[in-house]
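The values are calculated or read from the model by the stated rules, or taken from the named source; none is laboratory data. Fair warning: this is a prediction, and the values are worked out from it, not measured in the lab. Ligands, DNA and RNA are excluded from the accessible area calculation, which covers all protein heavy atoms including side chains. Shrake-Rupley method; radii C 1.70, N 1.55, O 1.52, S 1.80 Å.
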Amino acid sequence: MDDDRLITIDTLMNSIEQRAVQLPGANPVPTCPEWDVNALINHLAIVLSRMRIRIETNADPDPDAMPSTPPNGMTAPEWLSLSYRELRTTFLNHEPEDPAWNWTGENQIVGWYIRRLAHELAIHLIDLDAASPSSTPPEELGIDAALAADGLDELLTVFLPTRSPRSTHPMEHHVLALTPTESPGQPWYVELNGLEISAGHDERPADATIKGSSVALYLFGWNRPAEGLTTTGDSTAIQDFSSIPR
């Protein structure tokens, strides 16, 4: 098992569970305007349950067969905690190289889900923190430069390429440079074209550049508020990138 990632996941989940219990369920989530806290917690419980089933069956479950609300007598935070305990047990019962279906058509292994879960939890911890009376810096939530750099890689090379065809309009051809300020941070060059997105570190002329810490770039990539960013160039490239469904 990927022990380091599992430790990260446990830490993030512990912070999520604390907020899930402490926050009123009706609190709005500013970073997810369509959700309140209860809706976000239910979403996470569903995601965790679906991950577990996909690993255990190596297949995608019927969405209509998946519960969308907590079982009778169980609160949303209790359902989330149960869903995580069950998924964690499934992780421990498998090796990262074991087969597990995922929607990308590539890298169909359990390890893919371990990585995916780390970033699902990190971003939704940011969301729950936004629903709190006072905000906590991302680094104090456990979202450090290493996690953020890995998350930006996953977002740009795995997640968004499967989402861009869902965009409501074709994107113009743009190259967007995301440049981390840490040394020796390596810039990402993100190419948008029609309904396609590709990303890599090979240098090319950019229409727009965004500079900031890896954590800030990670949050920006997920359309979450990020501090300390500097943007230059064509704002259309940035708008098109941000319009891709997350």
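Per-structure values
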{"read-out": "Theoretical gain in end-to-end length, residue 3 to residue 168 [0.36 nm per residue, Cα-Cα removed]", "value": "55.4 nm"}
{"read-out": "Longest to shortest principal axis, alpha-carbon extents of the chain, angstrom", "value": "56, 42, 36"}
{"read-out": "Surface share of carbon and sulfur [accessible, 1.4 angstrom probe, percent] for the chain", "value": "49"}
{"read-out": "Axial C-alpha extent at least 20 Å, average Kyte-Doolittle at least -0.5 - helices from the chain (DSSP)", "value": "3-22, 37-57, 76-92, 110-130"}
{"read-out": "Accessible area of the chain divided out per residue, in Å², using a probe of 1.4 angstrom", "value": "47"}
